[in-house]
Every structure is written in structure tokens, then in C-alpha cells.
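Student: A single structure is presented below for examination.
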Amino acid sequence: MDQPIRKDRPSVYRRDLPGGGYVAIEVERELPLARTRVSVERRAIADRREGHKPIVIAEADGDERSPSFNELYRIAADNAAIARALMAMERALSGGGGLSADG
């Protein structure tokens, strides 16, 4: 999940988030195996920093036709799932352990 969303690749799904920002699903087709990513921009347009890249919260092999795309779409369409993914990333970055959403 270390590659940012690029402006030269259009999103296959994008929606605004409450309070500003957006979530997008992007498919990278230039690889031998397509790769799909869900990214989140948490800031409203006026609050975005120059050069800031949206956070990639989930990714999987395949494109819109793959079974993994359905799971990525479920994450992107669900505000609570987005929040859980962001909190998990923040815990991982801060070195905090804790229980996962799976138990």
C-alpha cells in the first residue's frame, strides 16, 4: 500500500465524504496483473496541502471483474469501514497494538 493514487489514472469509483474529502477506487492496469486501490483524501479542497497524496487504505490484485474488487467496493462505500481502516493505519504507524476488527 505504498503507492499513492496518481492523477493520470482515472478512478473507477469516487464519492465525497461527509465533512469534506473523498474516497476513490483506482485500477492500475499497466502491471502484468492489474492492481486495485482504495484511497482516501480526508481534507476538503480548500484545506488540502500542495503535493499531499491521498492515503491508500486497501489494495488487492485484479480489476473490476475480480472477486477482490467487490470487497474493495464495500470498503469504499461504507463510511464506518473507511474509519476503521484509517484507525488501523494510525495504530500501526504509532506502534500501538490492540485487537484487530476480526478479534
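Student: Suppose each label sits 7 Å from its Cα in the direction of the beta carbon; what would the LEU93-ARG14 distance come out to in nanometres?
Tutor: About 2.2 nm separates the two model spin labels.
Student: Just subtract the alpha-carbon distance of LEU86 and SER68 from 0.36 nm times their residue separation and send over the number in nm, one decimal. Intermediate results must be reported in sequence, preceding the final value.
Tutor: On the way: separation 18, 0.36 × 18 = 6.48 nm, distance 1.96 nm.
Full extension from LEU86 to SER68 adds 4.5 nm.
Student: Explain nothing, just compute: Karplus ³J(HN,Hα) = 6.51 cos²θ - 1.76 cosθ + 1.60, θ = phi - 60°, for every residue of segment 58-69 in order, whole Hz, x for Gly and Pro.
Tutor: Running phi through 6.51 cos²θ - 1.76 cosθ + 1.60 with θ = phi - 60° gives 7, 7, 7, 6, x, 10, 4, 8, 8, x, 5, 4 Hz.
Student: Eigenvalues of the Cα gyration tensor times 5, then square-rooted: what semi-axes does that give for segment 11-94, in whole angstrom, largest first?
Tutor: 22, 15, 13
Coordinate-derived values only; no laboratory data. Quantities reported herein were computed from a predicted structural model and do not represent experimental measurements. FYI the Cβ positions are ideal-geometry reconstructions off the backbone, even for glycines, and counts take in every protein chain you see.
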